[in-house]
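The values are calculated or read from the model by the stated rules, or taken from the named source; none is laboratory data. Source: prediction; values computed, not measured. Note: ideal-geometry Cβ built from the backbone for every residue, glycine included; neighbour counts use all protein chains shown. Note: areas computed on protein heavy atoms with side chains; ligands, DNA, RNA excluded. Shrake-Rupley method; radii C 1.70, N 1.55, O 1.52, S 1.80 Å.
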Amino acid sequence: MEQRLHRIQVMTRGRGLVDVTDQLCRWLGSQGIATGLLTIWCRHTSASLLVQENASPDVQADLEAFLSRLVPDGGNGRYRHEDEGPDDMPAHIRAALTQTQLSIPVEGAQPVLGTWQGVYLYEHRTSPHRRELVLHLLGEASQR
Amino acid sequence: MEQRLHRIQVMTRGRGLVDVTDQLCRWLGSQGIATGLLTIWCRHTSASLLVQENASPDVQADLEAFLSRLVPDGGNGRYRHEDEGPDDMPAHIRAALTQTQLSIPVEGAQPVLGTWQGVYLYEHRTSPHRRELVLHLLGEASQR
Amino acid sequence: MEQRLHRIQVMTRGRGLVDVTDQLCRWLGSQGIATGLLTIWCRHTSASLLVQENASPDVQADLEAFLSRLVPDGGNGRYRHEDEGPDDMPAHIRAALTQTQLSIPVEGAQPVLGTWQGVYLYEHRTSPHRRELVLHLLGEASQR
């Protein structure tokens, strides 16, 4: 059994989903590990991880519209914590409702994602940010 | 350290929870691994995983009622993405708010679930579906 | 590759977040494993895990206020399951919307948390409880 630890940077364009599936698969494919477990850790509390449909852009628009209604922006005393602006506290709440970590089984040096599954970094702040993900891979080279 | 990779099919009866705890435990018990980590991956974006109380059926009814109010069905232009019907987009949102993956420590060849914890596949579509879970087990035969 | 399994008890003071980061780091630091994966499992369905900002107490107050509005307490027939009081069913729903498990990569015998990330046990019941977390650590002593 072997393990790998790696960090990747993701540039976001403000609030919304950034597809990181290809980036994950490329790194995974170069590690010489056929079977194992890939863990992704998001090192932030105002951005998070999400598995979501990768086909229709409408899904992302609907999801964003839902979360914007569910967790409205502040600015008028709605939240105590508005140090960094009206999108600060909503970002923390959105992160709490989604994922900070995902662990995906690996088979044939690829994550076992379903046909319609993509892995996304969800930026919850309105301005662009540089985000860091830690990737941990555990497994072995030989096929099962 | 050894690992195992396995797939199971779960038939759902439409929207609601399907208890998969026994199915997981049976597979786990036959793998000859006493201590380790079991990861469950749901290969869908309109069904998800959930750990929930396994005693009272009222808990499931209340949870379903809560989610139906929180994420109402579409059909009247509420969502852009209604290709597959009014329950299509709500299913993606419900999946985003629950889990696609769970990793449970294993001790004595059993998951370390609490007394009242069951592992459920949550079907979010109104019609029955065949769903696939990938199970990954990492660990060793000897007791600690 | 080695693994460790350990249980810790956390006393809560009723509804709210309890920071368990230091407790996790102390145990991790004593295990002689430099690189690996730490999994935390919460053995309850009315308490859960959360990664959240560790700096401003306002963030915790805002998050709690948000969840109290989103999942109102019962007592007036709002929920079928009110056996243990008006905070019983809301606790199960809050647990479903947050995490029962977290897996954090380990580097230098520490979890790779971001600067502002803390790991919290979220008590969802109004009265104090003793909660149990199972810690599973997989990794190796040598630096990568």
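A few points about this structure:
- Among the numbered conditions (1) in contact with a Phe, Trp or Tyr (Cβ under 7 Å, 6 or more places away or on another chain); (2) free of Cβ contacts under 8 Å to residues at least 24 places away in the same chain, the only one that residue A:45 does not meet is (2).
- For region B:115-129, residues that are more than 16 Å from residue B:49 (Cβ to Cβ) and not aromatic (Phe, Trp, Tyr) total 4.
- Criterion violated by residue B:104 - all others in (1) within 10 Å of chain A (Cβ to nearest Cβ); (2) assigned to a strand (DSSP E or B) satisfied: (1)
- The one condition from (1) farther than 30 Å from residue A:2 by Cβ; (2) open to solvent by 40 Å² or more (accessible area, probe 1.4 Å) that residue A:130 does not meet is (1).
- Residue B:74 meets the conditions (1) surrounded by fewer than 19 Cβ atoms within 10 Å (Cβ to Cβ); (2) more than 9 Å from chain A (Cβ to nearest Cβ) in every case but one. The failed one is (2).
- Leading residue by the ranking (nearest to the chain's Cα centre (by Cα)) among those in region C:107-144 that are acidic (Asp, Glu) and facing chain A (nearest Cβ under 9 Å): C:107
- Summed over region B:56-101, the residues that are over 18 Å from residue B:14 (Cα atoms), part of a helix (DSSP H, G or I) and in contact (Cβ under 8 Å) with a residue 40 or more places away in the chain give a count of 0.
- Subset tally (residues that are among the small types (Gly, Ala, Ser) and within 14 Å of the chain's Cα centre (by Cα)) for region A:15-37: 1
- Note on region C:19-55: among residues that are of a type outside the set (Val, Ile, Thr), away from chain B (no Cβ under 14 Å) and in a loop (DSSP other than H, G, I, E, B), the one that is least open to solvent (accessible area, probe 1.4 Å) is C:34.
- Positions within region A:56-71 being more than 8 Å from chain B (Cβ to nearest Cβ), open to solvent by 20 Å² or more (accessible area, probe 1.4 Å) and within 15 Å of residue A:98 (Cβ to Cβ), in sequence order: A:60, A:64, A:68
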